[in-house]
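Shown next, in structure tokens, is the structure this report addresses.
The values are calculated or read from the model by the stated rules, or taken from the named source; none is laboratory data. Everything quoted here is computed from the prediction, not taken from an experiment. With ideal geometry, Cβ positions are generated from the backbone for all residues, glycine too; neighbour counts draw on all protein chains shown.
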Amino acid sequence: MRRHLILFFREPLLGVGKRRLARDIGDVAAVRFERLMIARLIRRLGRDGRWRLRLAVAAARPSRRWRGLPAMPQGPGDLGQRMHRTLAACPPGPAVLVGADIPALGAAHIAEAFRLLGRHDVVFGPAEDGGFWLVGVTRNARHLPPLFAKVRWSSPHALADTLAGLPRRLSVGFAARLEDVDDGDSYRRRVSWDGIARDEK
């Protein structure tokens, strides 16, 4: 069964997404960061033959294409509902979902997550802020188990809440701990050394 990697993001529009980041660095800088990261991760992860890249986009006008690439709309609901729907839409086989705001993310991290899915039912990539930057599931069963019940999203409790709500029968593995960029402090820590600006050249 083929492996599927889902890049999960909101269409980068001025004044719409990354509101905490925009409050610290400004709307223009925030949307520029979003666009650069999406483009970078598509280039970095999209041509790897070990998995098939799928885009899941939250957009004002849902479409099956995003800038010429095949995409699936995330649909309505909170973050957990949208992630669950996107994972459930994948064909049978291992599926890994990641956000588009992790500058350090590379193919080695994705390969590690798929290896962990060979031994576990669910895999998470813990984030430095208490959330998670990756969730992976095996898609052998007809239906996904509940994954995101009673989660306090955008809080330091997001991963702990998710783990607490998982069915006890599930085996859980953990990938590398990485930092996503949600505010000005994480932007200054990660974007400066990671060379995001070089992608514009």
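Within region 1-23, residues that are of a type in the set (Gly, Ala, Ser) reach partners that are modelled with pLDDT of 90 or more and part of a loop (DSSP other than H, G, I, E, B) with beta carbons closer than 9 Å, at six or more positions or on different chains, in the pairs Gly17/Glu11.
Entry remark, region 94-108: residues being in contact with a Leu (Cβ under 7 Å, 6 or more places away or on another chain) and either closer than 25 Å to Pro12 by Cβ or surrounded by fewer than 23 Cβ atoms within 10 Å (Cβ to Cβ) (or both) number 9 in total. Hey, any hits in region 60-78 for a residue that's hydrophobic (A, V, I, L, M, F, W, C) and under 28 Å from Pro146 (Cβ atoms)? Yes, that holds for at least one residue. Scanning region 6-46 for residues that are farther than 13 Å from Ala58 by Cβ, in contact with a helix residue (DSSP H, G or I) (Cβ under 6 Å, 6 or more places away or on another chain) and not in a helix (DSSP H, G or I) turns up Leu14, Gly15. Pairs linking a residue in region 26-55 that is farther than 16 Å from Arg67 by Cβ to a residue that is surrounded by fewer than 17 Cβ atoms within 10 Å (Cβ to Cβ) and of a type in the set (Lys, Arg), with Cβ atoms under 8 Å and 6 or more positions apart or on different chains, are Trp51/Arg2; Arg52/Arg2. Residues in region 45-101 that are among the basic types (Lys, Arg) and within 25 Å of Ala127 (Cα to Cα): Arg50, Arg52, Arg54, Arg82, Arg85.
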